[in-house]
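The values are calculated or read from the model by the stated rules, or taken from the named source; none is laboratory data. This is a predicted model, so every value here is computed, not measured. For neighbour counting, all protein chains shown are included, and Cβ atoms are generated from backbone atoms with ideal geometry for every residue, glycine included.
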Amino acid sequence: MATYPPAIERLLAELTRLPGVGPKTAERYAFWLLRQSADRLRQFGLSIEHLRENIPSCSRCHTFDDNNPCRYCRETARDQKTICVVADTPDLLAIEHTGVYRGVYHVLGGTVNALEGQSPDQLNIRDLIKRIPAEGITEIILAMNPDIEGDTTALYLKKGLSQLPVKVTQLARGIPTGGDVTYMDETTLGEAMNHRQAA
């Protein structure tokens, strides 16, 4: 059976580890990279190599930013008593672009997903629960995608937060089931934030 040289096989193996990248897409990316100049590849490699060094995770909310604490946690004009809980940083940015929400955030680092082996223990849930009494939080807004993983995560959080003295709300269902918070238009996402409901 014909195979690629080991260096290309290693690259293909790494590329297919990226979300949404199958073998054919990995091949397309690999051969695009092979056609680039040595300098361009060097810059590309350095960007990846330095990503973790230059973009830390905020110790308070777990978003990725160039500072720790992040720009949202440092902004004193924000409502520090309301936390919007999102699965990942792109969801946070989507909500920010609506211009509607002025509280702080908490990034879980994913959602509960049994098929991919992602359990609640692997998410930043314990830190969220610690923040509630420590920061005097009065409201938690659950802003998960309206899909199976998002709904499972929201149910898990509601159960875990039910014993704490905090109001739990979630985005209104203006977002269609199976939709993705990151790719929602700003008007729909803003309306969902404004009309959030008790969880």
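Give ILE132, ILE137 a once-over and let me know the one that is at pLDDT 95 or above, farther than 16 Å from ASP91 by Cβ, assigned to a loop (DSSP other than H, G, I, E, B) and in the same structural domain as VAL86 (by TED's automatic domain parsing).
On the way: ILE132 fails: assigned to a loop (DSSP other than H, G, I, E, B).
One residue alone meets the criteria, ILE137.
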### Query
Which of the residues that make up the stretch 113-136 are under 22 Å from ASP147 (Cα atoms) and surrounded by fewer than 13 Cβ atoms within 10 Å (Cβ to Cβ)?
ALA114, LEU115, GLU116, GLY117, SER119, ASP121
### Query
Taking the condition within 12 Å of HIS62 (Cβ to Cβ) and of a type in the set (Ser, Thr, Tyr), does TYR101 pass?
no
### Task
Search the stretch 3-19 for residues that are on the phi < 0 side of the Ramachandran plot and free of Cβ contacts under 8 Å to residues at least 24 places away in the same chain and pair each with any residue that is loosely packed, with under 15 Cβ neighbours inside 10 Å and polar (S, T, N, Q) when their beta-carbon atoms are under 9 Å apart and the residues are at least 6 apart or on different chains.
GLU9/THR3; LEU15/THR25; THR16/THR25; LEU18/THR25
### Message
Please go through the stretch 91-112 and give me each residue that is small (Gly, Ala, Ser), under 18 Å from the mean Cα position of the chain (by Cα) and not in a strand (DSSP E or B), ordered by number.
### Response
ALA94, GLY109, GLY110
### Conditions (1) out of contact with any strand residue (DSSP E or B) (no Cβ under 7 Å at 6 or more places or on another chain); (2) over 12 Å from CYS84 (Cα atoms): number failed by MET144
(2)
### Summary
Across (1) surrounded by 15 or more Cβ atoms within 10 Å (Cβ to Cβ); (2) without any contact (Cβ under 8 Å) to a residue 40 or more places away in the chain; (3) out of contact with any strand residue (DSSP E or B) (no Cβ under 6 Å at 6 or more places or on another chain), ALA94 clears everything bar (2)
### Task
Write out, first by first residue and then by second, each pair whose Cβ atoms fall under 8 Å of each other, whose residues are 6+ apart or on separate chains, and whose first residue, in the stretch 141-166, is in the same structural domain as THR111 (by TED's automatic domain parsing) and within 13 Å of ASP88 (Cα to Cα) while the second is among the hydrophobic types (A, V, I, L, M, F, W, C) and in a helix (DSSP H, G or I).
LEU142/ALA154; LEU142/LEU157; ALA143/ILE95; ALA143/VAL181; ALA143/MET193; MET144/ALA154; MET144/VAL181; ASN145/VAL181
### Task
Identify, by number, the condition in (1) under 21 Å from LEU189 (Cβ atoms); (2) modelled with pLDDT of 95 or more that ASP39 doesn't meet.
(1)
### Message
Just the residues that are at pLDDT 90 or above, surrounded by 15 or more Cβ atoms within 10 Å (Cβ to Cβ) and in contact with an Asp or Glu (Cβ under 7 Å, 6 or more places away or on another chain), please, taken from the stretch 149-183.
### Response
VAL166, THR169
### Query
Can ASP88 be described as within 20 Å of the chain's Cα centre (by Cα) and surrounded by 15 or more Cβ atoms within 10 Å (Cβ to Cβ)?
yes
### Query
Which condition number does PRO146 fail, the rest of (1) under 14 Å from the mean Cα position of the chain (by Cα); (2) surrounded by 15 or more Cβ atoms within 10 Å (Cβ to Cβ) being met?
(1)
